[in-house]
Amino acid sequence: MATATARERLLEAADDLFYRVGVQTVGIDRVIEQAGVAKASLYNTFGSKEALVEAYLDGRRERITDRITRHLAAYDEPRDRILAVFEALHETANKPSYRGCPFALASAEAPSDGLVARAAASYREWVRSLFTDLARQAGAPDPELLARQLHLLYDGTSQAVRMDRNLNAALQARAVASVLLDASVS
């Protein structure tokens with residue numbers, strides 16, 4: 001088995017610490033210590049803590065989009081594919097380590113004009129575009145409106161799991177999405 005590179009170790013430590021403890025709470029020294037690398041490795045690889053946080057979020061986005069894509073692939077009909085997004089969220093939200101949306105958590109602690117905010121905005125745009133495309137394919141007369149409504153359900157699910165410990169929130173949101181689809185698509 002190959003030894004992990006300094007970049008891989010830094011990202012693994014950042015992924016654990018930033019998600020579990022918080023972006024602002026965790027200092028660079030703690031990431032470096034957990035990764036077992038020199039401080040110079042962090043700055044040579046990422047240049048700044050903000051760039052490390054951006055890379056952490058990029059990794060989270062990749063895993064989320066892979067999970068959603070896997071769930072989408074199980075269905076052919078656009079309506080079912082919309083509901084599959086909530087199935088993917090249910091899978092994620094029911095992991096014992098789930099603390100909520102990593103983008104919401106990180107952006108709540110970050111300046112509104114930096115790399116973290118842009119990474120969060122890019123992820124949100126991807127989710128919104130996915131819902132819009134699927135709503136259009138399902139025949140919604142106003143796919144943008146339906147996508148915004150579905151996105152509210154998606155965001156609310158993360159909050160309900162985190163704040164209320166409602167482990168069925170994604171399945172409940174899926175049921176509400178089904179009603180929205182029935183009302184929006186004839």
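The values are calculated or read from the model by the stated rules, or taken from the named source; none is laboratory data. This is a predicted model, so every value here is computed, not measured. Here Cβ is always computed from backbone atoms with ideal geometry, including for glycine, and neighbour counts include all displayed protein chains.
When residues in region 1-32 are screened for being acidic (Asp, Glu) and either touching a residue at least 60 places away in the same chain (Cβ under 8 Å) or loosely packed, with under 12 Cβ neighbours inside 10 Å (or both), 1 of them pass. The set of residues in region 119-142 that are buried (at least 19 other Cβ atoms within 10 Å of the Cβ) and either among the charged types (D, E, K, R) or over 20 Å from Thr69 (Cα atoms) (or both) contains only Ala140.
Residue-wise test of (1) modelled with pLDDT of 95 or more; (2) in a helix (DSSP H, G or I); (3) within 23 Å of Ser178 (Cβ to Cβ).
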position: Ala88; (1), (2), (3): yes, yes, yes
position: Ser97; (1), (2), (3): no, no, no
position: Gly100; (1), (2), (3): no, no, no
position: Ala104; (1), (2), (3): no, yes, no
position: Ser107; (1), (2), (3): no, yes, no
position: Pro111; (1), (2), (3): no, no, no
position: Val116; (1), (2), (3): no, yes, no
position: Ser122; (1), (2), (3): yes, yes, no
position: Trp126; (1), (2), (3): yes, yes, yes
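Given the criteria surrounded by 15 or more Cβ atoms within 10 Å (Cβ to Cβ), under 23 Å from Leu105 (Cα atoms) and in the same structural domain as Arg81 (by TED's automatic domain parsing), does Leu146 qualify?
Details: surrounded by 15 or more Cβ atoms within 10 Å (Cβ to Cβ): yes; under 23 Å from Leu105 (Cα atoms): no; in the same structural domain as Arg81 (by TED's automatic domain parsing): yes.
Taking the combined requirement at face value, the residue does not satisfy it.
Within region 154-184, the set of residues being surrounded by fewer than 18 Cβ atoms within 10 Å (Cβ to Cβ), over 15 Å from Asn94 (Cβ atoms) and under 19 Å from the mean Cα position of the chain (by Cα) comprises Asp155, Gly156, Gln159, Met163.
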